[in-house]
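The values are calculated or read from the model by the stated rules, or taken from the named source; none is laboratory data. Keep in mind that this is a model prediction, so the values were computed, not measured. Ideal geometry is used to build each Cβ from the backbone, glycine not excepted, and the neighbour counts take in all protein chains shown. Protein only, heavy atoms only, side chains kept; ligands, DNA and RNA dropped before computing areas. Shrake-Rupley method; radii C 1.70, N 1.55, O 1.52, S 1.80 Å.
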Amino acid sequence: MTDSFGPELQAMRCLGFLSGSACPHYDGEAERRPTFRRLVASGELPPGLAADDGAGLHFVGTELREVVAAVSGAQGYRVEPGEGGAVETPLPARELA
């Protein structure tokens, strides 16, 4: 999900190296979380991962190995469609020293 092409957040098709969808700045912009959840719940975006500001998603190949945080409390999330909307599962991060 991006706002790089205009003032509104919108879905963006990417290169497809990894399956699913992704949302950066999950806690950093007021409309990020609700918009991503709405797009995943409606099927406009496939289930995916989100990362707070200060969190990174470390992949090895196509497998999410861990979430790391340069900012205390930052974490990642798995977001999937569910009954009544999107279901968000927190992915605690390993804080970097």
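Might you check whether a residue that is part of a strand (DSSP E or B), within 10 Å of the chain's Cα centre (by Cα) and not aromatic (Phe, Trp, Tyr) occurs anywhere in the stretch 9-22? Break it down into steps so the answer makes sense when it comes.
Within the stretch 9-22, the first condition is being part of a strand (DSSP E or B), and the residues that meet it are 10, 21-22.
Now restrict to residues that are within 10 Å of the chain's Cα centre (by Cα): 21-22.
With the extra rule that they be not aromatic (Phe, Trp, Tyr), the set shrinks to 21-22.
Checked the stretch 9-22: at least one residue is part of a strand (DSSP E or B), within 10 Å of the chain's Cα centre (by Cα) and not aromatic (Phe, Trp, Tyr).
Within the set of pairs 6+ apart or on separate chains, which have a first residue in the stretch 76-97 that is in contact (Cβ under 8 Å) with a residue 12 or more places away in the chain and more than 18 Å from residue 24 (Cβ to Cβ), a second that is of a type in the set (Lys, Arg) and open to solvent by less than 90 Å² (accessible area, probe 1.4 Å), and C-beta atoms under 9 Å apart?
Note: pairs meeting the criteria are 85/37.
Residues 55, 50, 11: which one is hydrophobic (A, V, I, L, M, F, W, C), in contact with a strand residue (DSSP E or B) (Cβ under 9 Å, 6 or more places away or on another chain) and under 13 Å from residue 88 (Cα atoms)?
Checking each option against the conditions leaves just 50.
Could you grab me the full set of residues in the stretch 31-40 that are within 14 Å of residue 21 (Cβ to Cβ) and not charged (D, E, K, R)? Walk me through it before giving the result.
In the first step, residues of the stretch 31-40 are kept if they are within 14 Å of residue 21 (Cβ to Cβ); the result is 32-33, 35-40.
Hits for the stretch 31-40 are 35, 36, 39, 40.
Can you tell me which condition residue 34 does not meet? The list is (1) in contact with a strand residue (DSSP E or B) (Cβ under 8 Å, 6 or more places away or on another chain); (2) outside any strand (DSSP E or B); (3) of a type outside the set (Asp, Glu), and all the others hold.
With respect to (1) in contact with a strand residue (DSSP E or B) (Cβ under 8 Å, 6 or more places away or on another chain); (2) outside any strand (DSSP E or B); (3) of a type outside the set (Asp, Glu), residue 34 is out only on (1).
Name the single residue, out of those in the stretch 41-92 being open to solvent by less than 30 Å² (accessible area, probe 1.4 Å) and assigned to a loop (DSSP other than H, G, I, E, B), that is nearest to residue 21 (Cα to Cα).
45
If you check every pair at least six apart or on different chains, which have Cβ atoms under 9 Å apart with a residue in the stretch 52-68 that is aromatic (Phe, Trp, Tyr) first and a residue that is surrounded by 13 or more Cβ atoms within 10 Å (Cβ to Cβ) second?
Pairs found: 59/18.
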